[in-house]
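The values are calculated or read from the model by the stated rules, or taken from the named source; none is laboratory data. Note that this is a predicted model, so its numbers are computed, not measured. FYI the Cβ positions are ideal-geometry reconstructions off the backbone, even for glycines, and counts take in every protein chain you see. Remember, those area values only see protein heavy atoms, side chains included, never the ligands or the DNA or RNA. Shrake-Rupley method; radii C 1.70, N 1.55, O 1.52, S 1.80 Å.
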Amino acid sequence: MKIRTTVAAGIAVATALALTACTGGTSSSSASGASAGDGKISGNISFQTWSLKNDKFTPYFEGVVKAFEKEHPGVTVKWIDQPGDGYEDKILQQAGSGELPDVVNLPPEYAYSLASAGQLVDLKKDSKILGDYVDGGVGAYKFDGIDGSFGFPWYLGTELNYWNKDLLAKGGVTAPPKTHAATLDAAAKLAAAGVQTISDVPSPKSLQIMVSDRGGKLDVYKDGKFVFNTPEAAAIIQSYAELYKAGAITPEALQNAGTANANVNNFNKGTVAWTTSGPNYIDKDVSVNAPSILPSVEATNGFGNPPLFVQGISVSAKSKNSATALAFAEFLTNTKNQIAFVKLAPGFFPGTRAANEDPAAFTETAKNKMQGVATDLAASQMNKARMVGAPKFTEAMETYAKQQIALAVKGEISAQAALDKAVEYAKQNVAG
């Protein structure tokens, strides 16, 4: 199982408008117009997951359903699981025909379009426990131009920084840098000693993290416009251009605009001093694929607001038993049930604040000491981690932006021109 961060980023606005036409409105509320939290918990509801029906997870979901039904006699929960392929199309079909399940597993991208069409309950208004969940997860279901929050954070991922201490020492860097700006300074120092640090180029998404680490904020999309072409972002790209000339950045960074996992692959080879990766990188990757560098690897927290990868649970605004649907969504995502779920999914973290206070309650026993450190660090940063990008910012837009930024890093165009071209491309290719 893996976080679906590369799902077709954002369902087309035109589709949302079509859904609105089918349902006759854009307000996100229960079918009766009352709060979803009002009324008696009774009747039948449906609950849909995304590609989670298998030997590992089926007993878990059957147990959760059984426990909820026992707590609420007379209630019946029908669990439905959809295959991984075609889930977006299935959601559209269900919503368009008025058959969206009462409780449904949605990534923020899908929730955005359904919320735009008045298909989802505003949990900010109707749930009394939204404050129990991590801020970044709740924020992932808040959308530009739509009032409210439309998903309970369920299972989450993030990234940490990893350093090769032996390579740092070769350049006279005695400890891992604590900020991104300090990392770029260290990269220049390491380059002078013949050590490379970076195997990737910035993108609008990673620039959000870099700007936040400097105390600022970079929005990808705000008030109906793509707005990531700021002077602050351009200045960071220019720093990369200077580091490339100095030899701090590998050639791979500019090949295919920084291929996925280029930094990780080079880090595993022992040729770069820094990479970012998930919380279980030590035990699941380094110890298996690069055991020779294992003694020199150190993990530290992600910079600024680290990235947050989110899956959540939403409630249909058209449910005929809205009180029951909301109660089940809250029950499924409470601390006890979240801990039980992520125990079955190593590398992921629960969506409630309380659950992340004790990582030992849900993580595997670390095989290596640094893995235990990494796990604790990841849990500690869950509440400040934030989802990067925006529902309207597609993977094609991200790829084009990285291609232009790579040209800027090579010195072929200016940093500002790269961002301006990327914004214009996004503007011309946005759906709706």
Open item on the list: Compute, for the chain, the length of the dipole vector about the Cα centre, with Cβ point charges of +1 (Lys, Arg) and -1 (Asp, Glu) only. Units Debye, rounded to 20.
Closed with: 260 debye
TODO: Report, in degrees rounded to the nearest 10, the 0 to 90 angle that the Cα long axis of helix 58-71 makes with the longest principal axis of the chain.
DONE: 40 degrees
Task: Lys/Arg +1, Asp/Glu -1 at C-beta; the chain dipole; positive extreme among 351, 295, 375 - done: 295
Task: Residue (of 313, 131, 325) at the positive-pole extreme of the chain, dipole from beta-carbon charges - done: 131
- [ ] Quote the FRET efficiency, to the nearest 0.05, computed for residue 414 versus residue 170 with a Förster distance R0 of 22 Å and r equal to the Cβ-Cβ distance.
- [x] 0.10
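Accessible area per residue of the chain at 1.4 Å probe, in Å²? Numbers along the way, then the final one.
On the way: 17890 Å² over 432 residues.
On a per-residue basis, 41 Å².
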Task: Per-pair calculated FRET efficiency, R0 = 41 Å: residue 296 and residue 336 via Cβ, rounded to 0.05 - done: 0.55
Open item on the list: Going Cα to Cα from residue 384, which aspartates and glutamates come in below 15 Å? Please leave out same-chain ones fewer than 8 positions away.
Closed with: 132, 135, 159, 213, 357, 376
Task: Computed [θ] at 222 nm, helices only, for the chain once each DSSP H run of length n ≥ 4 contributes -39500 (n - 2.57) - done: -11500 deg cm²/dmol
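Summing Lys, Arg as +1 and Asp, Glu as -1, what charge do residues with Cβ under 9 Å from the Cβ of residue 306 carry, residue 306 excluded?
+1
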Open item on the list: Taking all protein chains in place and a 1.4 Å probe, what share, in percent, of the accessible surface of the chain do carbon and sulfur account for?
Closed with: 50 percent
Task: Farthest toward positive dipole pole in region 193-351 [+1 Lys/Arg, -1 Asp/Glu at C-beta], among 220, 334, 239 - done: 334
- [ ] State the extension gain, in nm to one decimal, for the chain segment bounded by residue 255 and residue 60, taking 0.36 nm per residue of separation less the distance between their alpha-carbons.
- [x] 65.8 nm
Task: Listed pairs 178/402; 205/269; 53/125; 222/343; 269/367; 222/284 exceeding 30 Å between Cα atoms - done: 53/125; 222/343; 222/284
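Show me the GluC sites (Glu not before Pro) within region 354-428 that DSSP assigns to loop and that have at most 12 other Cβ atoms within 10 Å of their Cβ.
Counting only loop positions with at most 12 other Cβ atoms within 10 Å, the GluC sites (Glu not before Pro) in region 354-428 are 412.
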TODO: Rounded to the nearest 0.05, what FRET efficiency do residue 125 and residue 178 give with R0 = 35 Å and r taken as the Cβ-Cβ distance? Could you check?
DONE: 0.30
Task: Within region 388-408: backbone nitrogen closer than 20 Å to the residue 242 label point (7 Å, Cα to C-beta) - done: 405-408
Open item on the list: At 0.36 nm per residue, and after removing the present C-alpha to C-alpha distance, how many nm does the segment from residue 71 to residue 380 gain when stretched out fully?
Closed with: 107.9 nm
Task: Selection of GluC sites (Glu not before Pro), region 37-120, meeting DSSP coil and at most 13 other Cβ within 10 Å - done: 99
Task: Reachable aspartates and glutamates, given that their alpha-carbon falls under 15 Å from the alpha-carbon of residue 410 and they are not under 8 places away in the same chain - done: 200, 242, 252
Task: Net dipole in debye of region 37-116 [+1 Lys, Arg Cβ; -1 Asp, Glu Cβ; about Cα centre; nearest 20] - done: 280 debye
- [ ] Keeping all protein chains in position, work out how much accessible area residue 352 exposes to a 1.4 Å probe, and write it in Å² to the nearest 10.
- [x] 0 Å²
Task: Size of charge dipole - region 101-157 - debye, nearest 20, with Cβ of Lys, Arg +1 and Asp, Glu -1, no other charges - done: 80 debye
- [ ] First check a/c for the chain, with a ≥ b ≥ c the square roots of the eigenvalues of its C-alpha gyration tensor; if it is under 1.5, answer rounded, and if not, answer prolate when a/b is larger than b/c or oblate otherwise.
- [x] oblate
